[in-house]
1. Taking the alpha carbon gyration tensor of the stretch 187-235, what are the square roots of 5 times its eigenvalues, largest first, to the nearest whole Å?
2. Would you please give the residues with an amide H less than 5 Å from that of Val217, counting only those at least 5 places away or on a separate chain, with H modeled from the backbone geometry?
3. What list of ³J(HN,Hα) couplings, whole Hz, do you get for the stretch 181-192 from phi and the Karplus terms 6.51, -1.76, 1.60, once you set θ to phi - 60° and write x for glycine and proline?
4. Residues with amide H under 5 Å of Thr152's amide H, sequence separation 5 or more or different chain, H placed in the peptide plane at 1.01 Å from N; which?
5. R0 = 22 Å: FRET efficiency of Gln225 with Asp55, Cβ-based, nearest 0.05?
6. Placing unit charges on C-beta atoms (Lys and Arg positive, Asp and Glu negative, everything else neutral), compute the dipole magnitude of the chain about its Cα centre in debye, rounded to 20.
7. So if R0 is 25 Å, what FRET efficiency would Asp19 and Ala42 give, r being the distance between their Cβ atoms, rounded to the nearest 0.05?
8. May I ask you to evaluate 6.51 cos²θ - 1.76 cosθ + 1.60, the Karplus curve with θ = phi - 60°, for each residue of the stretch 146-154 and list the ³J(HN,Hα) values in order in whole Hz, giving x for glycine and proline?
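Coordinate-derived values only; no laboratory data. Keep in mind it's a predicted model, so treat the numbers as computed, not measured. Every residue, glycine among them, receives a Cβ derived from its backbone with ideal geometry; neighbour counts consider all protein chains shown.
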Amino acid sequence: MTQSSPSPPPPLTAIKDLDAQLKSAGYAVLASEALSQLCDVAPAQLEGWRGAWGDLPPDPYLRDGGRYRRRRHGSFVVDGDRVSAVPPRAHWQPTDYNALHGGFERWFEPLPEALTSDRGWAPLLAGLGRCASRLRGERPWFVEAHAFRIDTGDGGIGRPTPEGAHRDGVDLVAVILVARAGVKGGETRVFDARGPQGVRFTLAEAWSALLLDDERVIHETTPIQPDGEAGVPAHRDTLVLTYRAGGFQDPPRTETGPPP
């Protein structure tokens with residue numbers, strides 16, 4: 001899919017149509033008001049989290065040599081309305097899903113406690129967990145939360161998905177836009193994993209969200225560049241939540257005995 005015209009607006013989905021849209025198309029886009037309604041979290045509550053993205057350490061694992069990504073990571077188990085934090089653990093993906101950064105453990109700094117203990121955090125994770133259960137059947141969900149900032153200070157370009165179009169090896173992915181500041185680009189592209197069909201659009205509204213059935217579709221976000229004067233800070237902030245049944249993605253164990 002080539003970009004030959006300006007990016008169209010997101011194809012927003014009404015809450016009443018969310019489940020049908022996910023099951024039929026494999027993706028849905030929610031306006032911020034719809035995300036708030038789905039998870040019963042007030043817009044002002046979400047907006048109060050924005051400052052956490054100003055304190056993200058650099059991602060030390062970028063294999064393309066870039067310095068444009070900052071991030072934190074956390075893991076949780078969502079069982080109905082109960083959300084339990086998991087002790088810090090490595091983020092790991094097989095190379096089948098991430099050829100660039102898969103196959104090795106990546107240890108990131110944890111999400112700030114001020115964020116994960118906020119009274120809106122658990123309802124957000126639980127609300128999206130109910131969405132995953134309606135898609136796959138009710139069960140506990142193993143959730144990884146990633147706070148990303150992609151900036152343009154490294155040569156004037158930042159890559160939200162340096163691995164290219166991909167799946168994550170989970171059941172449901174939620175990409176929540178936290179902020180866009182002084183950038184152009186960052187177009188979201190979603191493709192049917194079984195054929196050429198796809199859509200493209202640019203998330204621009206803070207706390208709007210893209211939900212993805214990870215078995216059905218692959219996705220990517222195009223690079224960002226500054227849209228104004230050189231040297232002016234420009235970045236794109238997101239919260240990415242992945243929901244997986246049966247357990248977290250972990251490296252295969254090769255030892256014969258139990259882990260230490």
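1. 28, 12, 8
2. For Val217, the qualifying residues are Ala193.
3. Once rounded to whole Hz, the list reads 9, x, 10, 10, x, x, 7, 7, 10, 10, 10, 5.
4. Here the answer is Ala234, since their amide H atoms fall under 5 Å of that of Thr152.
5. 0.35
6. Around 200 debye, computed over the chain.
7. 0.60
8. For the stretch 146-154, the Karplus-derived couplings read 10, 9, 10, 10, 9, 10, 10, x, 9 Hz, x marking Gly and Pro.
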